[in-house]
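What follows is a single structure, written as structure tokens, with notes after it.
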Amino acid sequence: MSDFDTGPGGTDEKIPFMQQLLDSPLLLLVIGIVSPMVLYIVWGVMETIAIPLAQ
Amino acid sequence: MAEFRTCPDTGFKIDLNADKLIKWNAVTAVVFLLIGGLFGLLVALTRWPAVHLLDADLFYLALTAHGLDVLLVWCIFFEIALLYFTSAILLNARMVFPKIAWIGYWMMLIGALITNVAVLRGDSSVMFTSYPPMMAAQDFYLGIILFAVGALLGCLVFFATLHVARKEKTYEGSIPLVTFGAMTAAIIAVFTILSGAIILVPTWFWSLGLLSHIDTIMYRVIWWGMGHSSQQVNVAAQIACWYAIAAILFGAKPLSEKVSRTAFLLYILFLQLASAHHLLVDPGLSSEYKIFNTSYALYLAVLGSMIHGLTVPGAIEAAQRKKGLNKGLFEWLTKAPWGNPVFAGMALSVVLFGFLGGISGVMMGTEQLNLITHNTIYVPGHFHGTVVVGTTLTFMAISYWIVPTLWQKELVFPGLAKWQPYLFGIGMGLAATFMMGAGTLGVPRRHWDMTFADSAMGFDFPAAANLMMGLNGVAAVMGSIGAAIFILNMVGTILWGKAKVPAAAAPAEEAPAEPNVTGAATSYGSAGTMEVPGTFVLAMIFLVSFVLYYFVNWKYLSSVWGLS
Ligand code: HEM
Ligand SMILES: [Cu+2]
């Protein structure tokens with residue numbers, strides 16, 4: 001990700017991790033999809049599947 | 001190649017494709033607000049015991065149409081307009097893939113029409129949640145799926161435009177906070193639409209007879225991944241508008257850009273997990289799942305909202321104090337432009353959203369307390385506190401700026417516009433309050449007849465419950481008049497508004513329109529002060545009310561259960 005290497009002004013200063021994260025729409029998009037997919041959907045679906053069927 | 005015009009009011013360089021797309025999406029949104037709002041009024045008049053307007057079949061039809069047209073169609077069309085505005089226009093960039101944006105627009109419109117026809121035909125009164133085993137006609141689901149894919153194309157165009165703006169260096173440093181908020185909305189929207197696709201496509205197959213069975217619990221889990229998250233799209237978009245309005249009217253910069261962006265990050269990380277608060281009484285799901293997703297995660301998202309609730313008024317206070325409105329704690333607030341609907345709508349929505357929607361949401365989102373109000377009309381009370389006096393009122397407020405600016409026309413009824421936010425905000429705020437009151441007394445939501453006249457076992461609600469449902473009807477009429485005035489003003493301005501006299505003319509008396517819109521809304525940067533004593537006092541009042549209400553409900557829960 002070339003976006004990560006240089007700062008706004010193209011300086012060589014190290015950009016803090018949080019700022020790199022907040023400046024990267026793609027990374028935020030991935031986090032914003034994966035986190036609820038795993039913690040909410042996948043976890044919820046697994047629990048639902050685990051419910052035994054009535055005979 | 002992209003063509004541009006320059007906005008005489010703001011100096012924005014406006015991509016003509018973006019211009020047209022924003023206008024079409026916004027106008028379509030307003031038309032659906034009209035349709036959906038009318039259905040809302042019919043629903044409220046039916047739930048007013050003394051009026052009881054519609055018969056049962058029509059009631060559920062109207063309720064279905066209301067939920068779909070306002071919650072889905074109005075909000076999302078408006079949000080697509082906002083996405084294009086905050087990307088192409090605020091970043092001074094060209095709009096990427098305008099053709100795809102148009103395909104998205106038509107898919108959304110055709111999808112919305114297909115679903116509306118299905119509902120109006122009368123064979124799809126399943127309400128917007130469409131829980132199986134209730135089955136709607138197949139085109140009901142098809143329309144929603146088309147609409148959702150169209151909206152996804154809109155998000156794609158937004159991200160592509162962000163990317164190209166960065167590549168072409170149309171702005172310096174990081175994206176401005178307003179755009180960042182819109183991006184948060186777009187990110188949540190992508191998850192929302194994916195969840196919707198995962199569950200609605202199989203449900204559509206089921207309605208076509210291609211699948212024999214849809215599991216109800218599974219449906220509810222995944223559907224609420226969409227249903228709840230779409231509300232978080234609304235919240236993020238609405239807060240982006242708050243920051244935009246603060247910047248436009250006051251030249252206000254966020255107290256700390258970092259803190260505000262981190263608050264949006266909390267949304268991206270946690271808001272969607274709170275979807276589980278809709279499943280708190282569902283059997284089969286573990287307490288670990290429910291509590292993790294609705295407490296630990298939810299509270300972090302609520303923290304994000306409280307930060308925004310503090311920093312938006314804080315930014316305005318800082319900007320006003322800089323201009324010398326320094327007397328006492330509140331001169332910055334009392335001397336604010338209360339007659340300007342852009343400000344009044346936004347200020348009301350900050351307060352009402354926090355007090356009505358926010359506090360009740362945290363109460364209901366608590367696993368134990370949820371039992372007091374689950375499936376009562378308290379729930380619609382809560383979300384009219386969020387999505388109506390919060391999101392809808394905010395979108396109305398910013399429209400009073402966007403429409404005259406983009407169309408370059410004067411408002412047709414400026415006098416009515418002054419009163420509109422108060423009529424709509426207070427009317428619907430009261431409606432939300434009365435619904436919550438009736439819900440606390442146990443009145444069910446989505447119920448045609450609270451007297452249970454033709455049921456085998458009767459039940460009498462306390463007289464206060466009937467009274468509150470009546471007052472809800474009165475308040476709903478007031479709110480509907482407010483909504484009608486808004487729609488009249490927007491449509492009237494677009495159709496018959498006088499062309500604006502370029503720049504020179506004196507600015508409207510009360511709107512201290514800052515020529516530096518472009519500065520505060522389009523760049524990254526903080527106000528550089530934390531001296532906002534008035535805002536801290538207001539925040540304390542909010543916190544105390546919040547804590548009191550929360551604990552009163554625990555007390556109330558103990559009496560409902562009668563364990564002693
Ligand atoms: C003209 C103003 C409005 C009035 C008078 C109104 C009134 C009502 C009433 C009385 C209910 C019925 C509650 C029940 O029986 O369960 C309801 C439900 C609902 N309203 Fe509104 N409302 C208005 C505007 C809005 C707006 C602007 C939105 C969204 C942006 C909205 C979203 C909803 C939703 C999602 C439901 C739930 C439908 C369901 O349970 O399936 N309303 N509204
Ligand atoms: Cu929710």
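The values are calculated or read from the model by the stated rules, or taken from the named source; none is laboratory data. Owing to the predicted nature of the structure, the values given are computational and were not obtained by experimental measurement. As a convention, Cβ positions derive from the backbone with ideal geometry for all residues, glycine included, and neighbour counts pool all protein chains shown. All accessible areas refer to the heavy atoms of the entire protein, side chains included, with ligands and DNA or RNA removed. Shrake-Rupley method; radii C 1.70, N 1.55, O 1.52, S 1.80 Å.
Couple of notes before you dig in:
- Subset of the range B:281-309 [of a type in the set (G, A, S) and either more than 9 Å from every other protein chain (Cβ to nearest Cβ) or buried (at least 22 other Cβ atoms within 10 Å of the Cβ) (or both)]: B:S287, B:S295, B:A297, B:A301, B:G304, B:S305, B:G309
- Scanning the range B:477-492 for residues that are open to solvent by 10 Å² or more (accessible area, probe 1.4 Å), touching a residue at least 60 places away in the same chain (Cβ under 8 Å) and not hydroxyl-bearing (S, T, Y) yields a count of 7.
- Pick from the range B:165-197, criterion facing chain A (nearest Cβ under 8 Å) and of a type in the set (F, W, Y), ranking: surrounded by the most Cβ atoms within 10 Å (Cβ to Cβ): B:F191
- Selection within the range B:16-53 - of a type in the set (F, W, Y) and outside any helix (DSSP H, G or I): B:W48
- Checking B:A236, B:A165 one by one, the residue that is over 27 Å from B:M135 (Cα atoms), of a type outside the set (S, T, Y) and within 16 Å of ligand 1 (Cβ to nearest atom) is B:A236 and no other.
- Of the residues making up the range B:255-268, at least one is within 16 Å of ligand 2 (Cβ to nearest atom), touching a Ser or Thr at 6+ places or on another chain (Cβ under 8 Å) and assigned to a helix (DSSP H, G or I).
- Candidate set: the range B:22-79, residues that are within 9 Å of ligand 1 (Cβ to nearest atom) and of a type in the set (V, I, T); chosen: the one nearest to B:V178 (Cα to Cα): B:V70
- Scanning the range B:419-440 for residues being surrounded by fewer than 19 Cβ atoms within 10 Å (Cβ to Cβ) and either touching a Ser or Thr at 6+ places or on another chain (Cβ under 7 Å) or under 28 Å from B:Y550 (Cβ atoms) (or both) gives a total of 1.
So that you can scan it fast, the table gives a plain yes or no per residue for (1) modelled with pLDDT of 95 or more; (2) facing chain B (nearest Cβ under 7 Å); (3) within 27 Å of B:I188 (Cβ to Cβ); (4) within 12 Å of the chain's Cα centre (by Cα):
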| position | (1), (2), (3), (4) |
| --- | --- |
| A:M1 | no, no, yes, no |
| A:G7 | no, no, no, no |
| A:D12 | no, no, no, no |
| A:M18 | no, no, yes, no |
| A:D23 | no, yes, yes, no |
| A:L28 | yes, yes, yes, yes |
| A:I33 | yes, yes, yes, yes |
| A:P52 | no, no, no, no |
| A:Q55 | no, no, no, no |
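- Within the range B:259-280, the residues that satisfy the criterion of being within 16 Å of ligand 1 (Cβ to nearest atom) and more than 10 Å from chain A (Cβ to nearest Cβ) are B:H277, B:H278.
- Considering the range B:54-165, the qualifying helices (runs of 4 or more DSSP H), each wholly inside and each with 1 or more residues that are farther than 29 Å from B:T10 by Cβ, aromatic (F, W, Y) and out of contact with any helix residue (DSSP H, G or I) (no Cβ under 8 Å at 6 or more places or on another chain), run over B:56-66.
- Pairs meeting the criteria (first residue in the range B:149-161 and open to solvent by less than 10 Å² (accessible area, probe 1.4 Å), second residue among the polar types (S, T, N, Q), beta carbons under 6 Å, at least 6 apart or on different chains) are B:F158/B:S87; B:T161/B:S87.
- Matching residues in the range B:124-148 - criterion: being surrounded by fewer than 18 Cβ atoms within 10 Å (Cβ to Cβ) and either within 16 Å of ligand 2 (Cβ to nearest atom) or among the aliphatic types (A, V, I, L, M) (or both): B:T129, B:Y131, B:M134, B:M135
- Counting only helices (runs of 4 or more DSSP H) that sit wholly inside the range B:310-387, those with at least 2 residues that are open to solvent by less than 10 Å² (accessible area, probe 1.4 Å) and touching a helix residue (DSSP H, G or I) at 6+ places or on another chain (Cβ under 6 Å) are B:341-352, B:359-364, B:367-373, B:378-383.
- Every residue from the range B:198-231 that is open to solvent by 50 Å² or more (accessible area, probe 1.4 Å), away from chain A (no Cβ under 12 Å) and under 20 Å from B:S124 (Cβ atoms): B:W204, B:F205, B:L208, B:G209, B:L210, B:L211
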